[in-house]
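Below is one structure, written out as structure tokens; the observations come after it.
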Amino acid sequence: MSNNTNTAGSTSVGQIEKEFAPKGSLQLYSHQSVQEFVCSMCRKEKKSKLAAFLTNKPPTDPVCNGCYGTQNVMKSTGSDDGDGEKKKGAISGVSSAP
Ligand SMILES: [Zn+2]
């Protein structure tokens, strides 16, 4: 069995336990223990094993799991803007009788 832990690497936050597949411009990492860091997007202090980093830069600016999720949501729904009008029409057709 190989016991070389150096291959896992590390981020500015801590030692990497697991790398997830990149999504968009961000890649999520799970660290070997709970880490404290300040999210580079929302600027809030976080305590988590999970932190994401931009794939086009060295892993020095941690992004919290919440902002990572928001980025992915924005990617998948941001392109299509026509649904809002349809919903408006549906709501006005429903009468709110008590
Ligand atoms: Zn954040």
Computed from the mean reciprocal separation of all distinct C-alpha pairs, what Kirkwood hydrodynamic radius does region 14-76 have, in Å?
-> 11.5
Once both labels are modelled 7 Å past Cα along the beta-carbon direction, what's the residue 55-residue 34 spacing in nm?
-> 3.1
Applying the Karplus parametrisation 6.51 cos²θ - 1.76 cosθ + 1.60 with θ = phi - 60° to the phi angles of region 56-72, what ³J(HN,Hα) value in whole Hz is obtained for each residue in order, glycine and proline being reported as x?
-> 8, 9, x, x, 10, 10, x, 10, 6, 4, x, 5, 4, x, 4, 4, 5
Quickly work out the residue 65-to-residue 17 label distance, labels modelled 7 Å from Cα along the C-beta direction, and quote it in nm with one decimal.
-> 1.1
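Just so you know, all these numbers are worked out from the coordinates, no wet-lab data involved. Please read these numbers as outputs of a predicted model, since none were measured by experiment. Please note: Cβ atoms are built from the backbone with ideal geometry, for glycine as well, and neighbour counts cover all protein chains shown.
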